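Everything below concerns the one structure shown next.
Computed from the coordinates by the stated procedures, all read-outs in this text should not be read as laboratory data. Treat the numbers as computed from the prediction; the structure is a model and nothing was measured. As a convention, Cβ positions derive from the backbone with ideal geometry for all residues, glycine included, and neighbour counts pool all protein chains shown.
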Amino acid sequence: MLLFRNPEAFLPALLAGGERAGTLCLALLAVYGVWLGFFAMVEDARLDRSLARWLRPVLSALFRTRDERALSVISNNLTANLLGLGGAATPAGVTAAGLLADTSEREHDCAMLFVLNATSLQLLPTTVLSLRLQYASASPYDILLPTLIATLFSTLAGVLAVKLLYRKKCNT
């Protein structure tokens with residue numbers, strides 16, 4: 001519409017939008033780079049296995065698989081999501097889905113993994129916080145509690161739905 005109403009303002013607006021998009025992409029790339037590096041160090045130090053052991057009671061309640069490698073990768077995926085790094089969680093999520101595809105309870109476990117990734121319980125939404133800080137939000141941390149509450153309820157609803165649907169499916 002701007003092209004027809006004010007043609008001389010069209011190109012500057014287009015270039016300014018492209019510049020802002022490029023800046024945003026670089027900022028997100030830096031955030032993801034830092035956290036992917038962090039997760040690589042966690043894997044190299046084998047802390048992911050310790051984390052998987054610590055999350056074992058939660059993972060055992062959510063997933064039916066007992067494959068240690070799958071549970072370790074799932075714990076990496078959930079940790080990235082807890083830190084609000086959906087993009088950094090993706091490689092672990094894809095790997096976990098591949099490992100779960102080979103298990104006897106693959107439908108339930110893959111559905112649970114999908115729900116946990118889609119609802120993405122976030123204790124610290126680092127990506128959104130970094131964007132709010134970059135754009136000089138007056139109160140960038142005001143989103144912490146609402147984000148935690150919203151993602152907690154969506155995750156609980158999703159987990160409950162998977163448990164109910166797959167329990168019913170197994171009993172028929």
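Remark: region 131-145, residue by residue, has Karplus-estimated 3J(HN,Hα) of 5, 5, 5, 4, 9, 6, 4, 5, 9, x, 8, 5, 8, 4, 5 Hz, where x stands for each Gly or Pro and the curve is 6.51 cos²θ - 1.76 cosθ + 1.60 at θ = phi - 60°. For the chain, relative contact order (Cα pairs under 8 Å, six or more residues apart, normalised by length) works out to 19 percent. Rounded to the nearest 0.05, the FRET efficiency derived from the C-beta distance between residue 26 and residue 160 at R0 = 45 Å is 0.70. Hey, what angle do you get for helix 86-100 against the long axis of the chain, alpha-carbon based, 0 to 90 degrees rounded to 10? For 86-100 against the chain, the angle is about 30 degrees. With R₀ set to 30 Å, the beta-carbon distance separating residue 133 from residue 167 gives a calculated FRET efficiency near 0.10.
Give me the base-10 log of I(q)/I(0) for region 35-128 at each q in 0.12, 0.18, 0.19 Å⁻¹, Debye formula, one uniform scatterer per Cα, rounded to two decimals. Log10 of I(q)/I(0), two decimals: -0.32, -0.74, -0.83. Each part reduced to its alpha carbon centroid, region 93-118 and region 3-79 end up 18 Å apart.
Taking 0.36 nm per residue of sequence separation and removing the Cα-Cα distance, the residue 16/residue 41 pair yields an extension gain of 5.2 nm.
Just need the Rg to Rh number for the chain, please, alpha carbons only, Kirkwood Rh. On the Cα set of the chain, Rg over Rh gives 1.10.
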